[in-house]
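Here is the structure we will look at, set down as structure tokens.
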2 protein chains.
Amino acid sequence: MAEFKKNDQITGMNTDFAQWYTDVVVKSEMVSYSNVKGCVILRPYGYAVWENIQRILDAKFKELGHENVAMPMFIPESLLDKEKDHVEGFAPEVAWVTHGGSDKLQERLCVRPTSETLFCDHYAEIIHSYRDLPKLYNQWVSVVRWEKNTRPFLRTREFYWQEGHTAHASAEEAEAETQRMLNVYADFCRDALAIPVIKGQKTDKEKFAGARATYTIEALMHDGQALQSGTSHDFGDGFAKAFNIQFADKDNQQKYVHQTSWGMSTRIIGAIIMVHGDNNGLVLPPAVAPIQVAIVPIQMQKPGVADKAKELEATLKAAGYRVRTDLSDKMPGWKFSEYEMKGVPLRIEIGPRDIENNCCVIVRRDNGEKQSVSLDNLAETVAKTLAQVHDGMYAKALAHMEEHTFSATDMNQMNDIISTHPGFVKAMWCGDRACEDKIKEMTGATSRCIPFQQEHVGDTCVCCGKPAAKMVVWGRAY
Amino acid sequence: MAEFKKNDQITGMNTDFAQWYTDVVVKSEMVSYSNVKGCVILRPYGYAVWENIQRILDAKFKELGHENVAMPMFIPESLLDKEKDHVEGFAPEVAWVTHGGSDKLQERLCVRPTSETLFCDHYAEIIHSYRDLPKLYNQWVSVVRWEKNTRPFLRTREFYWQEGHTAHASAEEAEAETQRMLNVYADFCRDALAIPVIKGQKTDKEKFAGARATYTIEALMHDGQALQSGTSHDFGDGFAKAFNIQFADKDNQQKYVHQTSWGMSTRIIGAIIMVHGDNNGLVLPPAVAPIQVAIVPIQMQKPGVADKAKELEATLKAAGYRVRTDLSDKMPGWKFSEYEMKGVPLRIEIGPRDIENNCCVIVRRDNGEKQSVSLDNLAETVAKTLAQVHDGMYAKALAHMEEHTFSATDMNQMNDIISTHPGFVKAMWCGDRACEDKIKEMTGATSRCIPFQQEHVGDTCVCCGKPAAKMVVWGRAY
């Protein structure tokens, strides 16, 4: 691995947030730009974060009864065309395979931008009776959308995700599944990623192509822009009718199934970076950090120091932690900077004097707090400190979100907030698409969601002044 | 899930092996044919086998120091073109993406058939010094080859695999890595899949496009045909020169790296099916079986039976086994057939009389052996019996391979064996491509490998009668 160079400073977050982001993802060795336009390489450090995310979510999905499958990566054009809204939403941004070897294909195939059509086609074949329901399937794959402007994790032509696709006997059951999975995402963001989110429903303008309802979790980045972090869609029986997915119910009637889909992608790694990162680089939540504890020996050449460091590593690994001891010949200060850049939650420093005193120094990445602790019960101390790191990160992110959440009752106010204090803006909305479009045009903000937790911010639509139907959270978004 | 129908008999293995195979993969619900020509759907039961394979191999790779990454799925045509032999080998069978949305691409992209070119491109960028070596990377992805004749697992246009790609400072180290990973595959086949293999080197004709040497493990299927089950390639510095991957060595000289790649794919699931399966369906090795123990209650309506079954399930799950208790209202005999079809290694039957006697019946899938065992220490009994199943399966497969391995010293003999007793044929070879071509033309057999364990079968080439250079194992292959 290329040596980390301390003099390669990253751009300050408040100087140029976009450049800071690019510097951090590259210098922390999470990604590398590839010679395939719009696609990036997930390097070991970046991919390991995704593996940890996968492991936690996959276990949760399975605990709830979901099974993994693998659908083809190609969708014949005629299959994509079957559901009208869906094809209109996705056709403009798919990659088309037109040739196999030197032969022109009889029918073009797109590389899946999402797999509803494939799952529906399969469900139509395997679902016959109420006994076959529910079907709770998921797959971990990459998908392709031919985006024009790309940025690592946030928007790339190919990205990794999981897509859950379920089929149910009733509308109620499908709706419950949609909500259940949205809560899985929200809980995961809070408990594993230390990211607070707002849960709500997308407006018709912003919902998924072909969905009856789309639910979303929205997070707020350090720069005050929003990031849609996970979505869950209730399809009703729209796809079932387009693909003729029927089953014989207990009453012997043929009925259409009700379907859902839900997904979380490598985009969430962008959220981790932009919610928690600082001017020294990444700050990773302990649950998904590839290295949770970096052990840096001090005065390594002194007898017993390297051995003691390895001994601590063994103790912590046995307790289940992901630990790296750095015995390279770089100066300790350089190592500190490197693990700071990589966002390692805890650093342990151990030198001759510490060993004499049966202690070591633990430094928290999130707030720089340094404490000398006993080597007795070190695993318990690490457990406690990692929990503090997680809680500290969550509290800080929540405070940031709350401080950057505003209310507006008229367009002047809204415009003013968005342009001077980027963040979430709560404002009432009449429900008309025209107002939604106008708000975007005037402020650059889109409706992020109609929060489940409604508040009364006023009586009238922030845009047209007509009676308000809902409170909406608005914001500029990635 | 569609109910298993006992009257849907599968075709006998000896009647029509190809049809037996198709029946088994479909009726065991491993795969479903898709409406994407040449691609199949891996259903939960089939994908779970792949997940178990992944889990075991991935842990082994990581133990040996490999790191996972994710490269783009597309390769620009100009990048594929960089290594001459490589592009000639793969270009005829790749899928070409020519359009993104409605725009024609400036340069065609192929969907990766394998990723050497992408890794090389990346390595050229990140490798600078001997300190950056070795690079031990791997990725778990699907790849695409535009095959004309496809069969589930054995040959599909899209298939799942892992591809390891490593770069080393010396030729010796690269060669050692190539051998090390071939041994990982061979050990995995023996210890996890109960499949014996022959290890050896591919002839120049059969080696990977662009490799200096290809090593392979070859397994023998029930019908006497061979299946290449894993390969490991030593590239020397050929790719390094084509892609200019140089590093400053300790002596301050700029040198080319030496590279390897190695892969195992979902094809290996085809081997599991065709090595172990029988006329009742799949027979899965315990290490990768999605369900290791199926518990079938007898006289389930009697009080206490279902509860006792669930209690056994809890005991076995706590001991780490993958267990399913079938409390559906199907007859026990139907359940027996269903779990036989699915190749579940052990079936436990428990009824009122068993409970009275504090025992249950354990039935082995591999040989049908039935024994009544005490419920005391059931987890230990299951552990012991699963080990016996594994060993029994391996012994049976090894005996089959040995019984179907022959020697030939002239072409009449060779032709006779191949056409009447399909299997491996050991025969001497002069080393000329012409003889290799002629043997294929006359017998349909290809050179499977030049085994590491050479034997002296004769002095002269089986084909031309000139002095022999090597003993080769020949056979018809999937």
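Read-outs throughout are calculated quantities, based only on the coordinates presented, and are distinct from any laboratory measurement. This one's a predicted model, so the numbers in the text were calculated from it and none came from an experiment. For neighbour counting, all protein chains shown are included, and Cβ atoms are generated from backbone atoms with ideal geometry for every residue, glycine included.
Rounded to the nearest 20 debye, the dipole magnitude of region A:361-478 is 240 debye, with +1 charges on Lys and Arg beta carbons, -1 on Asp and Glu beta carbons, and the Cα centre as origin. Remark on A:H99: its backbone amide H falls under 5 Å from those of A:L105, B:W96, a criterion applied only to residues 5 or more positions apart or on other chains, H modelled at 1.01 Å from N. Couplings 3J(HN,Hα) of region B:338-348, computed from phi: 5, 6, 5, 4, 7, x, 5, x, 10, 10, 10 Hz, in residue order, whole Hz [Karplus 6.51 cos²θ - 1.76 cosθ + 1.60, θ = phi - 60°; x for Gly and Pro]. Overall shape: oblate for region A:17-276, with the ratio a/c of the largest to smallest alpha carbon gyration tensor axis at 1.5 or above and b/c at least equal to a/b. For region B:405-475, taking the reciprocal of the average inverse distance between every pair of different Cα atoms yields a Kirkwood hydrodynamic radius of 11.5 Å.
Shape verdict for chain B, please, from the Cα gyration tensor: rounded (a/c under 1.5), prolate (a/b greater than b/c) or oblate.
In terms of gyration-tensor shape, prolate.
Shielding value for A:37-49 is 5, the average number of Cβ atoms from other chains within 10 Å of each residue's Cβ.
The charge dipole of region B:293-397, taken about its Cα centre with unit charges on the Cβ atoms of Lys, Arg (+1), Asp and Glu (-1) only, comes to about 240 debye.
In sequence order, region A:30-44 has phi-based couplings of 6, 9, 9, 6, 10, 8, 9, 3, x, 10, 10, 9, 8, 7, x Hz under the Karplus curve 6.51 cos²θ - 1.76 cosθ + 1.60, θ = phi - 60°, and Gly or Pro positions carry x. Considering only A:L64, A:S78, A:F90, the residue lying farthest towards the positive end of the dipole of region A:58-105 is A:L64, judged by Cα position with unit charges set on Cβ. Karplus-based coupling profile of region B:364-375, in residue order and whole Hz: 7, 6, 6, 10, x, 4, 10, 9, 8, 10, 6, 6, with θ = phi - 60° in 6.51 cos²θ - 1.76 cosθ + 1.60 and x standing for Gly or Pro. Placing unit charges on the Cβ atoms only, positive for Lys and Arg and negative for Asp and Glu, gives the protein assembly as shown a dipole magnitude near 120 debye about its Cα centre.
Please compute the average number of Cβ atoms from other chains found within 10 Å of each residue's Cβ in peptide B:100-106. Before the final figure, lay out each step's value.
Values: counts 14, 12, 6, 3, 2, 4, 1.
The per-residue average across the peptide is 6.
If Lys and Arg each add +1 and Asp and Glu each add -1, what is the summed charge of the other residues whose beta carbon sits under 11 Å from the beta carbon of B:A192? That works out to +1.
Nearest 5 is fine: what % of DSSP beta bridges in region B:17-276 come out antiparallel, could you say? Show your work: numbers first, answer last.
On the way: 49 of 52 bridges.
Counting only bridges with both partners in region B:17-276, antiparallel ones make up about 95 percent.
Between A:T178, A:I198, A:A383, the Cα set farthest toward the positive side of the dipole of chain A (charges on each charged residue's Cβ, about the Cα centre) is that of A:A383. Calculate the FRET efficiency for A:K241 and A:R151 from the Cβ-Cβ distance with a Förster distance of 30 Å, rounded to the nearest 0.05. Rounded to the nearest 0.05, the efficiency is 0.20. Fully extending the segment from B:E403 to B:S374 would add 6.6 nm, taking 0.36 nm per residue of separation and subtracting the current Cα-Cα distance.
As a rough footprinting exposure proxy, the listed residues B:W140, A:W96, B:W429, A:W474 were ranked by other beta carbons within 10 Å of their own, and the order from fewest upward is B:W140, A:W96, B:W429, A:W474.
What FRET efficiency would be calculated for the residue pair A:E107, B:N358, taking the C-beta separation as r and a Förster radius of 60 Å, to the nearest 0.05?
On the way: r = 63 Å, r/R0 = 1.05.
The value I calculate is 0.45.
Other chains' Cβ within 10 Å of A:72-82 residues: what's the mean? Before the final figure, lay out each step's value.
Values: counts 14, 10, 10, 2, 4, 0, 1, 3, 0, 0, 0.
Counting Cβ atoms of other protein chains within 10 Å of each residue's Cβ and averaging gives 4.
In chain B, helices alone account for a calculated mean residue ellipticity at 222 nm of -10500 deg cm²/dmol, with every DSSP H run of four or more residues adding -39,500 (n - 2.57). When each of the peptides B:181-194, A:378-391 is scored by how many other beta carbons lie within 10 Å of its residues on average, the order from highest to lowest is B:181-194, A:378-391. By its C-alpha gyration tensor, with a ≥ b ≥ c as the square roots of the eigenvalues, how is region A:299-392 shaped: rounded for a/c under 1.5, else prolate for a/b larger than b/c, else oblate? It comes out oblate by the Cα gyration axes.
Spin-label model, B:N367/A:H421: points 7 Å from Cα along the beta carbon direction are separated by 7.9 nm.
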